[in-house]
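So the structure is just underneath, and the comments pick up after that.
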Amino acid sequence: MSTCFSDTNLLLPSRRIRMDCRPQSNSWDLLRRWRRWNERSRQRAALRNLAEDKHLLDDLGLSRQEALDEADRPFWD
């Protein structure tokens, strides 16, 4: 979300200054990102634990190496 003022005369009647339109950092966006990263980290740790159980990996349709490769990915990726 960004805030942009098209009529700067309303804001600063004595000066004419061009205001830049910049995205605003929203705390809800940061919270959502943190939750998404936390969930990915948790899921990848669980997948790493599953990598030793061939029957569970077969249920998921993954090989042991595929599970380990996914578990080793960084949480932000």
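The values are calculated or read from the model by the stated rules, or taken from the named source; none is laboratory data. Note that the coordinates shown come from a computational prediction; the quantities given were computed from them, not determined experimentally. Positions of Cβ are generated from backbone atoms using ideal geometry, with glycine treated the same way; all protein chains shown enter the neighbour counts.
The number of residues in the stretch 38-77 being part of a loop (DSSP other than H, G, I, E, B) and in contact with a Ser or Thr (Cβ under 8 Å, 6 or more places away or on another chain) comes to 1.
Could you check, for the stretch 63-76, whether at least one of its residues is modelled with pLDDT under 95, among the aliphatic types (A, V, I, L, M) and more than 23 Å from the chain's Cα centre (by Cα)? No, the conditions are met nowhere in the stretch 63-76. Residue pairs whose Cβ atoms lie under 7 Å apart, sitting 6 or more positions apart in sequence or on different chains, and linking a residue in the stretch 55-73 that is among the polar types (S, T, N, Q) to a partner that is surrounded by 13 or more Cβ atoms within 10 Å (Cβ to Cβ), are S63/L57.
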